[in-house]
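Below is one structure, written out as structure tokens, with a few remarks after it.
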Amino acid sequence: MDNNIFSQGGGKSQTAAKEEEQEKNQKKIAWRERWRKRWTRLRRGFKLFVFLLAVGLFVWFFYKQMFYTVESGEALVTYYRLFGGTYNSRIGREGLHILMPWDQGHIYKVRTQTLKRNMTVMARNGLEVHLDAQIMFHPIPEILPYLHRRYGPDYVEGVVVATTNGGGTARDWAILARGTVQFRYGSVR
């Protein structure tokens, strides 16, 4: 037998013991290195997971304030709370629009709309005449930011209805009041 590997008492020699110890140390170092790399990847993955989870929760919590779908015949006017209010040059056309949750989006119909109103006017002979008025209107998309800034989202009540109920011009009322009730509703025309 080789004297370098075994001593005479049947145990390992010092050289063999050192080699075995070095081999164990190398295995430990390799094991530690593998686990250090795994832990680094795990930490990186965990940070990414936490970030994506936070973004997902933010979007899920504020999705109604962030996502606006503008259908055909509509336009979007955005009010930027932090950056100067309503911009005159920005109008959201059809499609999906993503806004920050602190900004407000208002969707306006730009198709021709019909508003029916009952009106009462005085005829020339003093009798009241009841009329059913039908008003057709549509906002011009390029003017929507000005309309939004001046009258707000309920511009129909503030502008169109106010104009019809009492804001008619003197010429309009003169045309209605020129004739008598019999002239308007009778067979003589």
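FYI, it's all coordinate maths here, none of it is from the lab. Keep in mind that this is a model prediction, so the values were computed, not measured. Don't worry about glycine lacking a Cβ; one is built from the backbone with ideal geometry, like all the others, and counts go over all protein chains shown.
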Mind checking whether some residue in the stretch 36-43 is touching a helix residue (DSSP H, G or I) at 6+ places or on another chain (Cβ under 7 Å) and not in a loop (DSSP other than H, G, I, E, B)?
no
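When you look at Thr69, is it within 21 Å of Gly152 (Cβ to Cβ), among the hydroxyl-bearing types (Ser, Thr, Tyr) and in a strand (DSSP E or B), yes or no? Break it down into steps so the answer makes sense when it comes.
Details: within 21 Å of Gly152 (Cβ to Cβ): no; among the hydroxyl-bearing types (Ser, Thr, Tyr): yes; in a strand (DSSP E or B): yes.
So Thr69 fails the test.
Quick one: which residue in Ala30, Ala75, Ala17 is over 30 Å from Leu131 (Cβ atoms) and touching a helix residue (DSSP H, G or I) at 6+ places or on another chain (Cβ under 6 Å)? Spell out the reasoning first.
Numbers: Ala30 fails: touching a helix residue (DSSP H, G or I) at 6+ places or on another chain (Cβ under 6 Å); Ala17 fails: touching a helix residue (DSSP H, G or I) at 6+ places or on another chain (Cβ under 6 Å).
Criteria check complete, one pass: Ala75.
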If the Cβ limit is 8 Å and pairs must be 6+ apart or interchain, which residue in the stretch 11-39 that is without any contact (Cβ under 8 Å) to a residue 24 or more places away in the chain pairs with which residue that is loosely packed, with under 10 Cβ neighbours inside 10 Å?
Ser13/Asn3
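Considering every residue within the stretch 51-66, establish whether at least one is closer than 30 Å to Val161 by Cβ, without any contact (Cβ under 8 Å) to a residue 24 or more places away in the chain and within 27 Å of the chain's Cα centre (by Cα). It would help to see each step written out before you state the result.
Residues of the stretch 51-66 closer than 30 Å to Val161 by Cβ: 64-65.
Adding the requirement that they be without any contact (Cβ under 8 Å) to a residue 24 or more places away in the chain leaves 64.
Then keep just the ones that are within 27 Å of the chain's Cα centre (by Cα); that gives 64.
Checking the stretch 51-66: at least one residue is closer than 30 Å to Val161 by Cβ, without any contact (Cβ under 8 Å) to a residue 24 or more places away in the chain and within 27 Å of the chain's Cα centre (by Cα).
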Find all pairs meeting these conditions: Cβ atoms under 6 angstrom apart; at least six residues apart or on different chains; first residue within the stretch 74-100 and under 19 Å from Gly152 (Cα atoms); second residue in a loop (DSSP other than H, G, I, E, B) and of a type in the set (Phe, Trp, Tyr).
Arg81/Trp102
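Pick out the one residue from Arg90, Arg111, Arg117 that is more than 19 Å from the chain's Cα centre (by Cα), assigned to a loop (DSSP other than H, G, I, E, B) and over 20 Å from Tyr63 (Cα atoms).
Arg111
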Quick one: which of Val55, Val50, Val77 is in a strand (DSSP E or B) and β-branched (Val, Ile, Thr)?
Val77
